[in-house]
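Asks: Below you'll find the structure I mean.
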Amino acid sequence: MVALRSRRLEGLFGARLDAVSHAQVAAPKTNAVCESYDLEFKGELYGGNDRARRDLAGDVAALARTAYEYQCRWRLERWMDEWR
């Protein structure tokens, strides 16, 4: 089960996130898709040592935090529009 649901990413990949293949994940980089709050490209794969695992965990946490902050700002803006 995928914890993240993103209509934008599912539209970009052409499938639900739990059914996306490696080729679908690699395609946006070769198709010149821009990075966004919910999509970031890396130049190479992470290694298998402890430092590489920490780097991966840090990048995943940063992406999750950014997506959460984006959602909070979006909701706050909607609530403020409703209150006006």
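Asks: Note the full-extension length gain between Glu82 and Arg16 as 0.36 nm times their separation in residues minus their Cα-Cα distance, in nm to one decimal.
Replies: 20.6 nm
Asks: Related question: Pulled fully out, how much extra length does the chain show between Asn49 and Val25, if you take 0.36 nm times their separation in residues and subtract their Cα-Cα distance?
Replies: Length gained, Asn49 through Val25: 6.3 nm.
Asks: Run the accessible area of the stretch 21-75 with a 1.4 Å probe and give the carbon-and-sulfur part as a rounded percent.
Replies: 56
Asks: Can you tell me the alpha carbon radius of gyration of the stretch 44-84 divided by the globular rule-of-thumb value 2.2 N^0.38 Å?
Replies: The reported ratio for this selection is 1.84.
Asks: Per residue, what accessible area does the chain have, given a 1.4 Å probe and all protein chains present, in Å²?
Replies: 84
Asks: Continuing with the same structure: Please go through the stretch 34-84 and write out the GluC sites (Glu not before Pro) that DSSP classes as loop and that have at most 12 other C-beta atoms within 10 Å.
Replies: When the GluC sites (Glu not before Pro) of the stretch 34-84 are filtered for loop state and at most 12 Cβ neighbours within 10 Å, Glu35, Glu40, Glu44 remain.
Asks: For log10 I(q)/I(0) by the Debye sum over Cα atoms at q = 0.20, 0.25 Å⁻¹, the listed values are (1) -1.11, -1.34; (2) -0.92, -1.18; (3) -0.81, -1.03; which was obtained by calculation from the structure presented?
Replies: Looking at log10 I(q)/I(0) by the Debye sum over Cα atoms at q = 0.20, 0.25 Å⁻¹ for this model, the match is (1).
Asks: At most 15 other Cβ atoms within 10 Å plus a DSSP loop assignment makes a site exposed; report the longest stretch of the chain without any exposed chymotrypsin sites (Phe, Trp or Tyr not before Pro).
Replies: For chymotrypsin sites (Phe, Trp or Tyr not before Pro) (loop position, at most 15 other Cβ atoms within 10 Å), the longest site-free span of the chain is 47-84.
The values are calculated or read from the model by the stated rules, or taken from the named source; none is laboratory data. Keep in mind that what you see is a predicted model, and the values were worked out from it rather than measured. Neighbour counts run over all protein chains shown; Cβ positions are idealised from the backbone, glycine included. Heads up: the accessible areas ignore ligands, DNA and RNA and are worked out on the full protein's heavy atoms, side chains in. Shrake-Rupley method; radii C 1.70, N 1.55, O 1.52, S 1.80 Å.
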